[in-house]
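The structure appears below as structure tokens.
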Amino acid sequence: MKTKIKMVIDVLMTALLLCLMAYQITGQALHEWFGAGMLVLLIAHNILNIRWYGNLFKGKYRLLRIIQTTFNFSVLISMLCLGYSGIVMSRYVFAALPISGPMATARRMHMAASYWGFVLMSFHLGMHWGMVTGMFRRLLKGRTLPGKKLSGMSVWVLRLVVVLIAGYGLLCFIRKNIVSYMFLKNEFVFFDFEQSKLSVILEYAVMMGFWVFAGFSITKGIGKLSAYAAQKKGDAK
């Protein structure tokens, strides 16, 4: 049951992340409600994974664990910045709360944290992609159709499709100049209001796909390097 709840929350957070980035098609009010929903899901996600915090001071910190821990806390910090700045700027959902602050600072914080959060959450998802697919396998156990094993050719075709999607995502990321927003080199986001709603969502989906692919590839690469180093060490004894 807990696994199902975790999966549902993760799927909803991923969907909400795409909706939050597509501000030009949602508008202010809906954007705030999506943000409030993301905040609730973030709290639920952390409660369900509370054991991770309890294990922070246990065990050894090798390279992969250091990177994962750094990214986890980076995601948390970006989300807290988004929550605070969003509440300060709110005109609908949180407008009645007695929380105020400098609007200009809150706006700059919100913009930078939005794009950093998008990249970090996508990368975080990629780093835990094996866990995500594992949850799906456990939930679908006994429900899949026979002959589910893919042929060698199908695997390579699938890999090619994944690489092409990731490559196009990187192209969109560069073309939309996201880095300038992340580092506040450009403090005003350009929205093309003539772009179709589907096109906006798909662009952010493929950009997310690139960072998921990057997170997964780096995690897998570090895992293989660690295993190779351990094997070498064992052979040398």
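The values are calculated or read from the model by the stated rules, or taken from the named source; none is laboratory data. Remember, it's a predicted structure, so these values are computed and weren't measured experimentally. Using ideal geometry, Cβ is built from the backbone for each residue, glycine included, and neighbour counts are taken over all protein chains shown. Please note that ligands, DNA and RNA were not included when accessible areas were found on the heavy atoms of the full protein model with its side chains. Shrake-Rupley method; radii C 1.70, N 1.55, O 1.52, S 1.80 Å.
In the structure shown, do any of K2/K60; K60/K233; K6/K224; K60/K224 have a Cα-Cα gap over 22 Å, and if so which?
K2/K60; K6/K224
Please report, ordered by residue number, every helix of the chain (full DSSP H runs) that is 20 Å or longer along its axis going by C-alpha atoms and whose mean Kyte-Doolittle hydropathy reaches 0.0.
Sorted by number, the helices that extend far enough and score high enough are 2-21, 23-48, 63-89, 103-127, 152-175, 197-236.
Could you report segment 1-141's accessible area per residue, 1.4 Å probe, as an integer in Å²?
57 Å²
Take the alpha carbon atoms of segment 69-83, find their center, do the same for segment 158-231, and report the distance between the two centers in whole angstrom.
One Cα centre to the other: 18 Å.
Compare the Cα positions of L12, G59, L41 along the charge dipole of the chain (+1 at Cβ of Lys, Arg; -1 at Cβ of Asp, Glu; about the Cα centre) and return the one farthest towards the positive end.
Ranked along the dipole, the leading option is G59.
Please give me, ordered by residue number, the trypsin sites (Lys or Arg not before Pro) of segment 1-68 that lie in loop per DSSP and have at most 12 other Cβ atoms within 10 Å.
Taking segment 1-68 and a limit of 12 other Cβ atoms within 10 Å, the loop trypsin sites (Lys or Arg not before Pro) found are K58, K60, R62.
Ranked from the most accessible area to the least, with a 1.4 Å probe and all protein chains present, what is the order of L170, L158, L225?
Putting L170, L158, L225 in descending order of accessible area: L225, L158, L170.
With a 1.4 Å probe and every protein chain left in place, tell me how much accessible area M103 has, in Å² to the nearest 10.
100 Å²
Over the chain, with every protein chain in place, what whole percent of the accessible area is carbon and sulfur at 1.4 Å, could you tell me?
71 percent
Here are labelled values, (i) 121; (ii) 188; (iii) 140, and one is the computed volume of the Cα convex hull per residue in Å³ for what I pasted. Which one?
Matching the structure shown: (ii).
How large is ³J(HN,Hα), in whole Hz, for each residue of segment 177-184 in order, when computed from phi with the Karplus curve 6.51 cos²θ - 1.76 cosθ + 1.60 and θ = phi - 60°, using x for Gly and Pro?
6, 5, 4, 5, 7, 5, 9, 6
Taking only C-alpha pairs under 8 Å that are 6+ residues apart, what is the relative contact order of the chain in percent?
Answer for the chain is 27 percent.
Based on Cβ point charges of +1 for Lys and Arg and -1 for Asp and Glu, what charge dipole magnitude is obtained for segment 1-124 about its Cα centre, in debye rounded to the nearest 20?
Charge dipole, segment 1-124, about its Cα centre: 560 debye, nearest 20.
Among T3, L160, A113, pick out the residue whose Cα is farthest towards the positive end of the charge dipole of the chain, where Lys and Arg carry +1 and Asp and Glu carry -1 on C-beta, about the Cα centre.
T3
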